[in-house]
1. Pick out, from the range 1-82, the helices (runs of 4 or more DSSP H) lying fully within it that include 1 or more residues that are at pLDDT 95 or above and small (Gly, Ala, Ser).
2. So is Gly144 more than 30 Å from Lys15 (Cα to Cα), among the small types (Gly, Ala, Ser) and out of contact with any Phe, Trp or Tyr (no Cβ under 7 Å at 6 or more places or on another chain) or not?
3. Here are Ser142, Ser180, Ser160, Ser174: which of them is in contact with a Leu (Cβ under 8 Å, 6 or more places away or on another chain) and of a type in the set (Ser, Thr, Tyr)?
4. Could we say that Gly61 is under 13 Å from Ile188 (Cα atoms), buried (at least 19 other Cβ atoms within 10 Å of the Cβ), small (Gly, Ala, Ser) and touching a residue at least 60 places away in the same chain (Cβ under 8 Å) here?
5. How many residues are of a type outside the set (Phe, Trp, Tyr) and in a loop (DSSP other than H, G, I, E, B) when one looks only at the range 108-164?
6. Failed condition for Phe170, given (1) more than 23 Å from Asn105 (Cα to Cα); (2) free of Cβ contacts under 8 Å to residues at least 60 places away in the same chain; (3) loosely packed, with under 15 Cβ neighbours inside 10 Å, with all others met?
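The values are calculated or read from the model by the stated rules, or taken from the named source; none is laboratory data. All values derive from a computational prediction rather than experimental measurement. Neighbour counts are summed over all protein chains in view; Cβ atoms, including those assigned to glycine, are modelled from backbone coordinates with ideal geometry.
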Amino acid sequence: MNFLEERITKDGIVKEGNVLKVDSFLNHQMDIDLFDQMGEEFQRRFDGKPINKILTIEASGIGIACVAAQHFHVPVVFAKKSKSINLEGEMYVAEVESFTHKCKNNVIVAKKFLGPEDHILIIDDFLANGCALQGLIQIVQSAGATVEGIGIAVEKGFQSGGRIIRNLGFQLESLAIVESMDAKTGVIAFRGQ
């Protein structure tokens with residue numbers, strides 16, 4: 001069991017509806033030392049790739065992406081879920097559906113932050129159905145940039161997202177892959193156990 005699986009086992013809470021609550025350390029309160037370990041592991045797994053930017057989606061992926069970016073020494077761009085008066089110029093837009101929030105959002109990245117010269121590592125906190133990742137991939141491809149890899153903190157291996165993304169030919173590295181979880185017992189099983 002790796003460091004993230006151990007932490008999920010210790011502090012994660014399984015809720016009805018295949019919801020894994022990790023808000024005490026991952027996506028509400030953030031354990032920066034844990035994020036640093038994650039960033040170091042992503043850097044190891046994508047070593048040798050010509051990554052010059054990290055792309056994520058607001059909000060929960062931002063913290064992980066920022067700490068990981070310190071290991072790559074690159075900037076982070078995050079896709080916004082709503083247009084604000086501060087966004088100006090041309091935008092890349094993709095529609096994504098959120099498993100957690102049960103809604104669709106247009107995600108937006110200003111064209112000035114992504115271009116054909118960019119080699120992107122996409123990072124996010126969770127992978128369930130893969131809709132957010134497909135939206136981010138679409139934005140990278142619209143920019144003429146290259147997806148060098150995708151780093152995920154927690155993948156729900158019993159949902160289709162990981163299979164879909166891997167079948168598209170991307171290097172997808174998930175630090176913890178949950179194979180099953182039981183809301184009644186609280187037991188979480190990881191791939192490879």
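1. So the answer is 32-45, 60-72.
2. Values: more than 30 Å from Lys15 (Cα to Cα): yes; among the small types (Gly, Ala, Ser): yes; out of contact with any Phe, Trp or Tyr (no Cβ under 7 Å at 6 or more places or on another chain): yes.
Considered against the rule, which asks whether it is more than 30 Å from Lys15 (Cα to Cα), among the small types (Gly, Ala, Ser) and out of contact with any Phe, Trp or Tyr (no Cβ under 7 Å at 6 or more places or on another chain), Gly144 comes out as yes.
3. Ser174
4. Numbers: under 13 Å from Ile188 (Cα atoms): no; buried (at least 19 other Cβ atoms within 10 Å of the Cβ): yes; small (Gly, Ala, Ser): yes; touching a residue at least 60 places away in the same chain (Cβ under 8 Å): yes.
No; evaluated as a whole, the condition is false for this residue.
5. Qualifying residue count for the region: 14.
6. In the conditions (1) more than 23 Å from Asn105 (Cα to Cα); (2) free of Cβ contacts under 8 Å to residues at least 60 places away in the same chain; (3) loosely packed, with under 15 Cβ neighbours inside 10 Å, Phe170 misses (3) alone.
Results for (1) under 16 Å from the mean Cα position of the chain (by Cα); (2) modelled with pLDDT of 95 or more; (3) more than 19 Å from Gln171 (Cβ to Cβ), shown as yes or no for each residue.
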position	(1), (2), (3)
Tyr92	no, no, yes
Thr100	yes, no, yes
Cys103	no, no, yes
Asp118	no, yes, no
Ile122	yes, yes, no
Asn129	yes, no, yes
Ala132	yes, no, no
Ile139	yes, yes, no
